[in-house]
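Step one of this worksheet: look at the structure below.
No lab work stands behind these numbers, since they all come straight from the coordinates. Just so it is clear, the structure is predicted and the values come from calculations on it, not from any experiment. No Cβ is skipped: glycine too gets one built from the backbone with ideal geometry, and neighbour counts run over all protein chains shown.
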Amino acid sequence: WQPPQFGWLKCNVDAGFHDHGLVTNRGWCIRNDAGLFVCAGTAWDKGAHSITEAEALALMEAMQS
């Protein structure tokens, strides 16, 4: 993990799949330039998403938060 520039926040996202791709989960975590936790979230969906789509959904949810 690389910290963002001074005064910025950084969001990391990830996605995973369960039940042979029938369930998609995703999560995100935001930290500040000192690496300190700011906030995080997770979500689960029935149905398949691509990795790119699931991670984009996680990033959208982080921005909405």
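Multiply the residue gap between PHE6 and GLU53 by 0.36 nm, knock off their C-alpha separation, and tell me the result in nm, one decimal place.
Details: separation 47, 0.36 × 47 = 16.92 nm, distance 2.97 nm.
This chain segment gains 14.0 nm when fully extended.
Output needed: percent of Cα pairs per 10 Å distance bin for the chain, bins running from 0 to the one holding the longest distance.
23, 45, 24, 8, 0
Which cross-chain or sequence-distant (5 or more) residues have an amide H under 5 Å from the amide H of HIS49, H modelled 1.01 Å from N in plane?
Those qualifying (amide H under 5 Å, at least 5 residues apart or on another chain) number zero.
With each label point set 7 Å from Cα along the Cα-Cβ vector, what nm distance links SER65 and PHE17?
Inter-label distance under the simple model: 2.4 nm.
If you plug each phi of the range 11-25 into the Karplus form 6.51 cos²θ - 1.76 cosθ + 1.60 with θ = phi - 60°, what whole-Hz ³J(HN,Hα) values come out, in order, with x for Gly and Pro?
So the J values, rounded to whole Hz, are 10, 10, 10, 7, 9, x, 9, 9, 6, 6, x, 7, 10, 10, 10.
Please list, in order along the range 34-50, the HN-Hα scalar couplings obtained from phi with the Karplus expression 6.51 cos²θ - 1.76 cosθ + 1.60 (θ = phi - 60°), rounded to whole Hz, x for Gly and Pro.
8, x, 7, 4, 10, 6, 7, x, 9, 7, 10, 9, 7, x, 9, 10, 6
Give me a comma-separated list of calculated 3J(HN,Hα) values for the range 56-65, in order, Karplus coefficients 6.51, -1.76, 1.60 applied at θ = phi - 60°, integers in Hz, x for any Gly or Pro.
My calculation for the range 56-65 gives 5, 4, 4, 5, 4, 5, 5, 5, 5, 6 Hz in order.
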